[in-house]
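Worksheet for the structure shown next.
The values are calculated or read from the model by the stated rules, or taken from the named source; none is laboratory data. Not measured: the values here are computed from a predicted model. Don't worry about glycine lacking a Cβ; one is built from the backbone with ideal geometry, like all the others, and counts go over all protein chains shown.
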Amino acid sequence: MRCPALRLAPFWDVARGGTPVYATGMTDFAEIAENLSFLDDWEDRYRYLIELGQSLPPMDEALKTEASKVNGCVSQVWVFASIEAGDPRKCMHFVADSDAAIVKGLVAVLLAFYSGQPAEAIAEKDAIAALDEIGLREHLTSQRSNGLVSMVRRMQSEAQRALQ
C-alpha cells in the first residue's frame with residue numbers, strides 16, 4: 001500500500017538547511033510493466049526507458065553529493081531518501097538522477113517501484129525479481145545490470161536505516 005505524497009522532511013542530514021524535498025507524481029510501476037509488455041523490440045524499450053527518465057523532475061543539485069552517490073554504477077547516479085517527520089509508517093520518498101539517459105530511465109522505474117512505500121515494505125520488496133519478471137534486465141549490459149542492483153541495494157539500505 002502506497003503512502004500519500006506529502007511534503008517531506010529530509011531523511012539524510014545532507015540537505016539540512018537546504019530546500020525541502022517534495023514527493024512527485026511519478027508513473028506507477030504496474031503501468032510501466034504493462035507498457036513494456038507491449039514493446040517487443042528492444043530499441044523501443046530503450047526509447048521508452050529514456051522517455052521515463054526525461055519525465056523525472058530535476059533533482060536539486062544540492063542533493064547530488066558524495067553521500068547520495070550510488071557506488072557500483074559506471075554512470076553517475078544519486079539517490080536521496082526522505083521520510084515525513086513523525087510518520088509512524090516511515091513512508092519513504094526518493095528523488096534520484098543519473099547522467100546517462102538509459103540509466104536515468106532505470107532510475108525512474110525504481111522510483112515507481114519503491115517511492116511512496118513504507119520502509120518495511122521497501123526492505124522486503126525484491127525489485128530485481130520484479131524487473132526480471134517483466135524482462136527488463138535481459139537486454140541490459142552487465143555493467144548496467146550491476147548498476148541496477150547497486151541502486152536497489154541502496155534504496156533497500158536506506159529503508160533498513162529508517163527502520164533502526
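For K104, the conditions (1) modelled with pLDDT of 95 or more; (2) over 17 Å from P57 (Cα atoms) all hold with the exception of (2). What number of residues within the stretch 146-164 are buried (at least 18 other Cβ atoms within 10 Å of the Cβ) and either assigned to a loop (DSSP other than H, G, I, E, B) or among the hydroxyl-bearing types (S, T, Y) (or both)? Count: 0. The selection criterion, being modelled with pLDDT under 55, in contact with a helix residue (DSSP H, G or I) (Cβ under 6 Å, 6 or more places away or on another chain) and not charged (D, E, K, R), does not hold for G53. Residues that are on the phi < 0 side of the Ramachandran plot, of a type in the set (A, V, I, L, M, F, W, C) and touching a residue at least 60 places away in the same chain (Cβ under 8 Å): does the stretch 139-147 have at least one? Scanning the stretch 139-147 turns up no residue that is on the phi < 0 side of the Ramachandran plot, of a type in the set (A, V, I, L, M, F, W, C) and touching a residue at least 60 places away in the same chain (Cβ under 8 Å). Among the residues of the stretch 72-105, those identified as surrounded by 18 or more Cβ atoms within 10 Å (Cβ to Cβ) and part of a loop (DSSP other than H, G, I, E, B) are C73, E84, K90, A100. Applying the criterion of being β-branched (V, I, T) and within 14 Å of the chain's Cα centre (by Cα) to the residues of the stretch 73-101, the residue that is farthest from Q143 (Cα to Cα) is V95.
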